[in-house]
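Quick notes on the structure that follows.
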Amino acid sequence: MWLRPEEVLLKNALKLWVTEKSNDYFVLQRRRGYGEDSGGLTGLLVGTLDTVLDSTAKVAPFRILHQTPDSQVYWSVACGASLEEISQHWDWLQQNIIRTLSVFDSGEDITSFVQGKIRGLIAEEGKSAGDEEDPERFREAVLRFERLFGLPQREKLVTYFSCSYWRGRVPNQGWIYLSTNFLCFYSYMLGNEVKLMYPWDEVSRLERTSSVLLAESIRVCVRGEDHYFSMLLRLQQTYLIMQQLAEYAIVRFFDKETFNAEHPLANPLHIMALEIHARNQSFRSFFRLPQEENLCEVHESFLWVPFSHVNTLGKICVSENYLCFASQDGSQCHLIIPLWEVRILLIFLQATKNVMVKTSALEKKQFGILSDLLPSSAESVGQQEAPSTTSLKERMKEQSWQIHFAEYGRGTGMFCTKKTRDLIVRGVPETLRGELWMLFSGAVHDMTSHPGYYGRLLEECMGSSSLACDEIERDLHRSLPEHPAFQSDTGISALRRVLTAYAHRNPKIGYCQAMNILTSVLLLYAKEEEAFWLLVAVCERMLPDYFNRRIIGALVDQAVFEELIREHLTQLTEHMTDLSFFSSVSLSWFLTLFISVLPIESAVNVVDCFFYDGIKAILQLGLAVLDYNMDNLLCCHDDAEAVTVLNRFFDSVTNKDSPLPATVQQASATANDKSIQKVDISDLIKESYEKYGNIRTEEVENMRKRNKLYVIQTLEDTTKQNVLRVVAQDVKFSAAQLDELYMLFKRQHFVSCYWSVCSPALQNHDPSLPYLDQYQLDQSQFSSLFNLLQPWTTHTHVRSLARSAFRLLDANGDGLVNFKEFICGLDILYNRSFTEKLKFLFKLHIQPAIEKSVVFCPSGRAKVDLQEYLKQWQEDLQRREENIKDLPRINQVQFIGLTKTLYGVFHGTEEEESLYRAVARVTSLLLRMEEVGRKLQESSLQKTPQTTPTSTPQPETSPTLPTSPENETLAEGEGDQPESPASPQETAPSHSDITPTSTSRPSTPTSSPTGTSSPMLDTPTDTPSSPSAVRDGDWSFSFEQILASLLNEPSVVRFFERAIDTDSLIAHACKNQLKVAHFKTSTNQRDPPPPKKKELRYKMIEIAQY
């Protein structure tokens, strides 16, 4: 079958292929292991690799490669399972293609023609097949995917491929499954099972690689570990899909964007949806069209170029509102025609199949009407300071552009060619700069498709106040303060309106530093509304993710810059092994497009090139700057010297052709120093294009995508390291355990929106906060994770226990718990002494009494002032250790809740029976001590009847018993269990089950503080009344009393002091985190079944008697 042309990195890796036929343009090859030499050692090896386990996973044994003439570059164009099948493709190429290729002069033209023809054949086969896919086979794959990896049905499988996963030097043949949130692989061979499942949000590297052993493979790096997948029949297609899915994960989980119902991931029924979405994005990015445009048709075609009188091979692309053309390399010629400007469309269907388009702009050009397209210079801010007479060089530039307009057209229908780039490199005239910036950036299309939008924005945001507005006001007078245009209220007001309107349009970005500098330059050469749309084009299309809190886009381009330095400036790379220095130095270059380091008269020339070639122009110029200063940089001994070298160089850059008056130009500190050699900005830009102009925009975009994953994960690793460094001082977990626990804590955010593509993303993740507060859990997320990690198998009221722990650990009462708060609570349960663990449980039940008077904000965490945060941090450091004497006393209802919690903790242990009896003895002792104390206190007031020691009365709970919100929660938590172990009437049998000296009596439920029956505690009905029963709410115990009593029970002390297998609990949580997050009503899988009714009555009666 025909294949989408893909470059073959290694033609004959390990001699795996044997050439059968060849000519000047094509090579037919057979894979070793098939045919005559299949019995040899190499043939057996290759055959084994291709047929491991699954016959459907075979690499096609025959293929056809196209060789670019005078080059070592090969392209795969066809493959076949048999010699007959591949011979049909070979014969077709011989009869239909070979003769045509002889008319081309360039090898690149030949390759482009072959690629276009093969793609056309694939398209025709797709239409004839009707894009049919076996739905039954895909459904079987979905069921197999769900069964193997235990994921819910809402985890949507996008596609799957057969491949080999390399573990060391051993290939494991299996299937790779690509779903919306996970990369999965499964293989089973001779009892050896390999199962991988990694979330896309943890992938840090994703790239195509080649080696001597593996001709082509896909490398996936997850948490520092590399994984290689090879022997994919459609490797490029697989790689692109993986790249898209990883990018979507970043957008959802880190950028906190939402997808609408039309997004392909909202319902990935077919893989074509992802391909179409990616194709639309590339189309809009290349031609810089509005976000609403979608690619409708693409056809290989020739464009008649009237000024050259030749046909240019390329593609014609049609969207809803535009007709676009790009030559084969994208730089030779491209054209954009708005369909609303088309006046005449002539189609010649006979023989030639030509189309002629005539637009209104071409009609104006034909009649010489050019003045109508000139902007009014008086409406731009900078034109107020324009000189009355222009220099000779400026007039020559204007004349060159007028000739260009007459020959190539003007406005949106202008041909953009190499000559256009040459004029850009020389510098744009002052009078045409605003018009050309609008045209090349695509802002003219945005403004045309949104008439009146800017005015409506100004009306909406008029008089509004926000954090962005405050930041804008603070930076207004820092924007080009030396320029006369911004020394008056006119320029300042225009700058304020543009920045405020954009902050209102895009609240996700709002306002970021460096936007004011860029907008100031835009206002010098464009009208106010045009400057607004230019800012939109820069922030949302040309420099994505630059202007946010973490400036991810700038960091990504810096990573691309480092990669280009290693490729083009090897001498500098060898001298400076650590290239991170250039990242820190070049940050301002990218954020301000060199405006902050160059004089304004030179910086505008850089902006000219940026609007024409995008970020590629900035990267080229950065390389040229380093190359120009190579000798001086090689002599530097430290970073400070290198910074000085670069600063001196930028001070020496001038613009000899600038028509700006001396009052506007920014004279550098070395302007009058004749000993320093001056560098003209035009020469520097020209040199950057001559040396590094071969860098293609497609390569830059691919490097951006590849490095974005790495940059994101690097930022996340930095956050993790800072958090762990702070937390490690206060806990006893090992470094590896802390790392695993942090990943569990962080992943708890993501599982909440894994299966809700259209829902809002993380609300509690704010990278602008301090490291400890960037990730926080709300009560629901905390409960799920706490139940997975808590070391005891409490079953009776696990939900209420988690809610109580959340309220206790939420120190500031904002409804969120950060990692330090969470891990400190977990450290007590895992690693602390018996006293600390008991104190933690004690505080869970008295929590409302010691709770701080803070306002609970269930909607989330409000913005915290940095000074307030530092003050609170200082107070935490100075806070003295809590003394057990400072703890308040626990009343009867709270004490009953504590006892029930202990019973739940002991359930399922080997010493369960002795632990229950120990708690019963302690409880009996404490209650009798309290009874004696009450009697001694009341004896001074009145005489009280004595009671026999064998029949200690159980006082009924008074309606005036002090209520506790915490205990109400405990009761509710027990009642909302899916399966109650026993009904209230069955939980407390007669006392004779335990104490033979007492008589058997029927029992009734005890009133709870809320007036309802207690679900776990019953009281005999014939308990004699006593004065103490009236004031039962006054009963209370101190922590010291409870601690002293429990210390006399060795079994209880041994239970809490025993070592906990932390690693196995963490491994269990990692394995079941996704399951628990999806099935919220299911119980922990390691929990034993609920106790039987008789056992529960037997174990609860001793506390019930009191």
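For the pairs Lys656/Lys705; Lys315/Lys508; Lys418/Lys678; Lys315/Lys616; Lys508/Lys720, note any where the Cα-Cα span goes beyond 32 Å. Violating the 32 Å Cα-Cα cut-off are Lys656/Lys705; Lys315/Lys508.
Length available on full extension from Glu297 to Met743: 0.36 nm per residue minus the Cα-Cα distance, which gives 156.0 nm. Per-residue extension of 0.36 nm, minus the Cα-Cα distance of Arg139 and Gln94, leaves a gain of 12.1 nm for this segment. Among Cys296, Cys609, the order of accessible area from largest down is Cys296, Cys609, computed with a 1.4 Å probe on protein heavy atoms. Of the residues Thr923, Thr718, the one with the largest accessible area comes first in the ranking Thr718, Thr923, computed with a 1.4 Å probe on protein heavy atoms.
In the full protein context, segment 479-544 carries 29 Å² of accessible surface per residue, based on a 1.4 Å probe and ignoring ligands, DNA and RNA. The distance separating the Cα centre of segment 700-726 from that of segment 609-642 comes to 24 Å. Taking the charge dipole of segment 419-498 about its Cα centre, with +1 at Lys and Arg Cβ atoms and -1 at Asp and Glu Cβ atoms, the residue from Phe486, Leu436, Cys469 reaching farthest to the positive side is Leu436.
In this rough spin-label picture, where each label sits 7 Å from Cα along the Cβ direction, the Glu938-Arg223 distance is 6.0 nm.
Using r as the Cβ-Cβ distance of Asn647 and His477, and R0 as 35 Å, what FRET efficiency do you calculate, to the nearest 0.05? Can you show the working numbers first?
Numbers: r = 25 Å, r/R0 = 0.70.
The value I calculate is 0.90.
Report the FRET efficiency, 1/(1 + (r/R0)^6), for Glu84 and Glu690, where r is their Cβ-Cβ distance and R0 is 56 Å, rounded to 0.05. Taking R0 as 56 Å, the efficiency between Glu84 and Glu690 is 0.60. For segment 416-544, a crude dipole built from +1 on the beta carbon of Lys and Arg and -1 on the beta carbon of Asp and Glu, taken about the Cα centre, is about 520 debye to the nearest 20. Label-to-label distance for Ala1067 and Asp717 is 2.6 nm, based on points extended 7 Å past Cα in the beta-carbon direction. With a 1.4 Å probe and every protein chain left in place, tell me how much accessible area Val645 has, in Å² to the nearest 10. Counting only protein heavy atoms, the figure is 30 Å². Between Lys885 and Leu634, residue separation times 0.36 nm minus the direct Cα-Cα distance comes to 83.6 nm. Spin-label pair Ser106-Ser22: with each label point 7 Å from Cα along the Cα-Cβ axis, the two points sit 2.6 nm from one another. Between Arg566 and Arg799, take the C-beta separation as r, use R0 = 51 Å, and let me know the FRET efficiency to the nearest 0.05. The formula returns an efficiency of 0.40 here.
What the phi angles of segment 20-28 give under the Karplus curve with 6.51, -1.76 and 1.60, with θ = phi - 60°, is a coupling list of 9, 9, 7, 8, 5, 10, 9, 9, 9 Hz, glycine and proline written as x. Does segment 393-495 come out rounded, prolate or oblate by the C-alpha gyration tensor, with a ≥ b ≥ c the root eigenvalues, rounded set by a/c under 1.5 and, if not, prolate when a/b is larger than b/c and oblate if not? Oblate.
The values are calculated or read from the model by the stated rules, or taken from the named source; none is laboratory data. All values reported here derive from a predicted model rather than from experimental measurement. Ideal geometry is used to build each Cβ from the backbone, glycine not excepted, and the neighbour counts take in all protein chains shown. Quick note on the areas: whole protein, heavy atoms, side chains included, nothing else; ligands and nucleic acids left out. Shrake-Rupley method; radii C 1.70, N 1.55, O 1.52, S 1.80 Å.
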